[in-house]
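Presented below is the structure to which this report refers.
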Amino acid sequence: MKEKLIGSLCLFLAASIWGSMYVLSKYILEFVSPITLLWVRYAIAFVVLFVILRAFQHKKRRKVVIKKGDWLLIAWIGFIGYFISIFMQFLGTQLSDAHTGALITASTPVFVVLFARFILKEAFTRKKMISLVLATLGVVIVIGLDTMFLKHFLGNIVLVGAAVTWALLSVYVKVASKRFDSLIITTYAMLFALIFTTPLMLLQHENISFILYNRQFLLGILYLGVISTAAAFFLWNKGIELMDAGMGSLFLFFQPVTGSILGWLCLGEQLNTGFFIGGILIIIAVFIASKDEAQ
């Protein structure tokens, strides 16, 4: 019970942090390309995580040995999740808008439940299905198929791809967590993501030195690197480690609530009645999911 409570808190915090990320990244993407922003985020996050990991290992006086097959698993997590999925999130957000970006990628639990069934052999429980249906309905109600949705059609398709690839990440993090601590998985997966991102970043030929001379921009980049990446990715991996992957993924539905509210407050994006109806359904779904899974 204690592990489930801690896992729920970790997942809730991670989802809420990512919801706020859409508003900030929407602003920053007006000045740099998605791949450059991704590289800067990962560079900052890896340094922070590596320092923490080494300090933790020094304190415990032990060093974990990672075998070749495990390196491949961690590299896969870094590639499909931290490289492909997050790049698609940034690109989709750039082509769409902040609250729609947060909402569509919140459809990830649908894909997590499917992948977890076939890869992790997790059961389709009654509560899992009820929660999934309610939360998905909530997202559909909030998004709606209006002219704005069709206007951002390409961006929304890219965001669906981001949701699918993040679902794969969540499932394979669960696989890796049976062998390693979440801090190890997050740190080295981040390293591989940084390696995968670097060639594309260099092709952008962007001068990012201006970041150092713009205080607001610098603070925004640091927030994305330290809080939205290092902290949130670790919290998500830790939560998935402590909970059933399919049930835990439902906490992603808190992401659109944060993203939509901040998009309204900071970017002037409109919220309609559907947002509140859908939001209530999402909260009910996660509440049901948090109950004893055996029922």
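Laboratory data are not the source of any read-out in this text; all were calculated from the coordinates shown. Since the structure is predicted, the reported quantities are computational estimates derived from the model, not experimental observations. A quick note on method: Cβ atoms are made from the backbone with ideal geometry, for glycine too, and the neighbour counts reach across all protein chains shown.
The table below lists the values:
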{"item": "Order of ASP244, ASP70 under a 10 Å beta carbon neighbour criterion, fewest first", "result": "ASP70, ASP244"}
{"item": "Size of electric dipole in the chain: Cβ of Lys, Arg +1 and of Asp, Glu -1, about Cα centre, debye, nearest 20", "result": "1260"}
{"item": "Footprinting exposure proxy for LEU250, LEU191, LEU265, LEU235 (fewest neighbouring C-beta atoms within 10 Å first)", "result": "LEU265, LEU191, LEU235, LEU250"}
{"item": "Estimated 222 nm signal from helices in the chain, with DSSP H stretches of n ≥ 4 weighted -39500 (n - 2.57), rounded to 500", "result": "-23500 deg cm²/dmol"}
{"item": "Exposed-loop-free span, longest in the chain, where trypsin sites (Lys or Arg not before Pro) count as exposed if DSSP calls them loop and at most 13 other C-beta atoms lie within 10 Å", "result": "179-290"}
{"item": "Residue with peak Gaussian network fluctuation, the chain [Cα springs, cutoff 10 Å], from LEU183, LEU120, LEU132", "result": "LEU120"}
{"item": "Gyration tensor (alpha-carbon) shape descriptor, the stretch 2-289, a/c threshold 1.5", "result": "oblate"}
{"item": "Burial ordering of SER20, SER131, fewest other beta-carbon atoms within 10 Å first", "result": "SER20, SER131"}
{"item": "GNM flexibility winner over the chain from VAL48, VAL133, VAL65 (Cα, springs under 10 Å)", "result": "VAL65"}
